[in-house]
1. Does A:Glu229 fit the bill of being within 26 Å of A:Lys523 (Cα to Cα) and surrounded by fewer than 17 Cβ atoms within 10 Å (Cβ to Cβ)?
2. Regarding B:Met238, is this residue surrounded by fewer than 18 Cβ atoms within 10 Å (Cβ to Cβ) and within 11 Å of chain A (Cβ to nearest Cβ)?
3. Hey, does the range B:253-265 have a residue that's in a loop (DSSP other than H, G, I, E, B) and within 14 Å of chain A (Cβ to nearest Cβ)?
4. Kindly indicate the residue of the range A:295-330 that is small (Gly, Ala, Ser) and more than 24 Å from A:Asp266 (Cα to Cα) and also farthest from the chain's Cα centre (by Cα) among those meeting that condition.
5. Taking only the range A:71-82 into account, find how many residues are over 18 Å from the mean Cα position of the chain (by Cα) and crowded, with 23+ Cβ neighbours inside 10 Å.
6. From the residues in the range A:227-237 that are at pLDDT below 95 and of a type outside the set (Asp, Glu), which one is nearest to the chain's Cα centre (by Cα)?
7. Can you name every one of the strands (runs of 3 or more DSSP E) wholly within the range A:122-218 that holds 3 or more residues which are among the hydroxyl-bearing types (Ser, Thr, Tyr)?
Amino acid sequence: MRKKIVSIATGLAIALGMLSGCGSAGDNAGSANASGESHLNFGCYVYSTSFDPAAYQNASWQGMRWGITETLFRFNDDSTISPWLSDSYEVSEDHKTWTFHIRDGVKFSNGKPCDAQAVADSLNRLFEVCNSTEYSSTPRQYVDMASIEADQEANTVTVMTNTAYADLRGPLCFPFYTIIDVEGDLTDAEHPGGYTTSVIGTGPYVLDSFDELSKSGELVKNENYWNGEVPYDSVTMMFIEDDTTKAMAIESGDIELTENITTISDLQKLESDDAFYVSKKSGVRVGFALVNFAGILGNDVLRQAVFMAIDGQTLCDVTVGGMYNYGPGILPDTLAYDSEKLVNPYGYDQEAAIRLLDENGIIDKDGDGIRELNGENIVLEFDTYKNRCLSDFAEGIQSQLAAVGIGCNVNVLDSDTLWMEMQEGDYDLSNSNWITVGTGDPEAFLLNWYGDSGENFFTEDNTDATNYCRYDNEEYNKLYEQFKASLDEEERKDLVVQMEQVLIDDCAVLVHGYYNSTMISNKAKVSGAEIPAFDYYWLTTDIKPAE
Amino acid sequence: MKKKQNIFLKNKKFTVYLILAFGIILTAVFAPQIATHDPGEAILTEALKAPGNGHLFGTDKLGRDLFSRVIYGTRASLPATFALVGSIFLIGSAIGIVAGYFGGWLDAVIMRIADMMVAFPGMVLALAVAGILGPSITNAVIAVGLVSWPKYARMARSLVLKIKYEDYVEAAKVTGSKTRHILIRYMMPSVLPTLVITASTDIGGTMLELAGLSFLGFGARPPVPEWGLMLSEGRSYMQNAPWIMIFPGLAILIVVMVFNLLGDSLRDVLDPKEEE
């Protein structure tokens, strides 16, 4: 017996020792190390082990988020566009020939000039290598490029496109089109496999090392940076997958900066703590559930009742603790698309939902608490995944549907399986958090509801299509075609509002709300850490050591 | 009757644990009477309320009463655990007895399959099976069952091998007893006590494994009030609303402990060697 007690006590002591060990590591972290150089520890999610913009989308984003690469133009928070590597531009009458002047004096981090030729080479190489299946980025998705030519004397790059663009600067802000030093090698002949971790950009920081196993990297100051002083001599980008771990790491001082903590309780705790600054912004992302029109929700009455049964406001404010702002339109209300003009006839009204179902004979005949349609219990399959509170929405909605007698299975999947089931149409509701105006306007995003008599339905023989929900509305299709053809800013905006209204009237998409991105910093050590509305940019020169 | 009373009086520990175990089973049976709320009723505006104010254990992220959910949790965990232990006990022992008694190629085939199953780390294989079948309590039971039966089969086989050549078995064969009769009349009784003890001590561990699968998202699916799943749901609120984890965790701790102690004391009762 005594032996037992001793062994239990030893076990407890070891366990306690291990636990206490977790909290005491952060003493050497801080804004200045022994040699007086400034250092930042940034705990973040790492989506990619490559930084080559041609490799795949997440890789292109990562180069920009880490402050390594830059594009010709950049988005401001209100989705207007500022010059970046290009300081001016001209456009032809037909909106197909665009001439960009490259800012004078810009250098790559290796000291070589980033002139018109270097920019043209970088873009040409991107389009060239992405024709091969080895590279997964899809630069043609946003820019239907015909040719890119440099004029060294004028330091301009001329981009010719096959289709007219209202404003090509928007698509060029997308991280695919970051400018890297390719040394004139347009086919990667001398760089087999691309520039995985050897990307040379024009950003304030340079990738010094990257550990694939821990997915963490070290950045150092770009001594040749063109746009002012770089605030940190070195930055450690630490991969932290779990939100609670991020919160605990910044509390303990292991890191001074982190992004997007989405567990509400952790975020609220940091918000209420004076030692930390939480920058929160409703950006360009929307959380929503696709409604499968080929399934049981193709029934108009049922769909309307489902929409009325869901209290979107409470889900946003309470269930996900304000991580989302509620609104019925598919585009965030912070964007300039006149969301106040939208009218939602199917807002939350539980009693009306019950009445509507009762009046239309969708009732529970067998007394099991679930209504039947065509003799079968209504049980919706709701696909979701654990990301940005999406599964919390799904569970909240499940409970609200139960209250009006509609069954719902919540399937928490991994993102790949969710995507697969979405493509196969194997769902009733499937929620995601997508960027709406990734290239400055919602053309690509709104294509998801463009039906064109089934032409744009994602089926096995039409795998290029993007309409995963089989929604097909003639009015919407017409508006979308008009929108696509129009080059007039005001008209385009007006058409977007009309399209949004059609989607609302049809209960075509179940909008959860507009996602708030966050960036959290330790006030005593870091200043200027604001999350931009476009989350292409994380580490900027605005983030500085606190005075 | 008198003899029975003696057993309970003589083994006080066993009696106490047995009463506790019955208490847990009764909780499951009378859950609707004990629970103060409907465990599925979500009032979103009442989310994350601390214990007290009409909610004995507080509420979870969807505003559901945690006390009622923990009570109803017995209904998810106990039947699944009993069904699982019961079925691997029956199937495993039957396979083991058959393998041991008949020997030859049948024994070789069965035991090689069992060896294969044992060669895998149990939980990993269970995760793989549950992953393939899809998440549900039934599938979790199947997954854990698939990796747990060899233990019973191997034990039953070795016990059968021990007595297979005893004189009384030979005598039964000589006097013309049918194989089925020998299996049921002679083999079964000699393997049962050991296997029953094993099964009863396995209840706790099995319950933990099932809860573990649910915690990882391979078992119960929301909104089923299952303790492992509730722990998983509460994980992200650990700092601000710890009660969401504490109470389901306590429930698992208590139930697993009671059944483990019951199994241990049952061994004391059935194994005369330990008697003083």
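The values are calculated or read from the model by the stated rules, or taken from the named source; none is laboratory data. Small disclaimer: the values here were computed from a predicted structure and weren't measured. So basically every Cβ, Gly included, is an ideal-geometry build from the backbone, and we count neighbours across all protein chains shown.
1. Yes.
2. yes
3. No, every residue in the range B:253-265 fails to be in a loop (DSSP other than H, G, I, E, B) and within 14 Å of chain A (Cβ to nearest Cβ).
4. Across the range A:295-330, the extreme among qualifying residues is A:Ala305.
5. Matching residues across the range A:71-82 total 2.
6. A:Asn227
7. Strands (runs of 3 or more DSSP E) meeting the threshold: A:156-161.
Matching residues to (1) more than 14 Å from every other protein chain (Cβ to nearest Cβ); (2) among the small types (Gly, Ala, Ser); (3) in contact (Cβ under 8 Å) with a residue 24 or more places away in the chain; (4) within 18 Å of B:Ala251 (Cα to Cα):
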residue: B:Tyr165; (1), (2), (3), (4): yes, no, no, no
residue: B:Tyr168; (1), (2), (3), (4): yes, no, no, no
residue: B:Ala171; (1), (2), (3), (4): yes, yes, no, no
residue: B:Gly176; (1), (2), (3), (4): yes, yes, no, no
residue: B:His181; (1), (2), (3), (4): yes, no, no, no
residue: B:Ala199; (1), (2), (3), (4): yes, yes, yes, no
residue: B:Asp202; (1), (2), (3), (4): yes, no, yes, yes
residue: B:Thr206; (1), (2), (3), (4): yes, no, yes, yes
residue: B:Phe215; (1), (2), (3), (4): no, no, no, yes
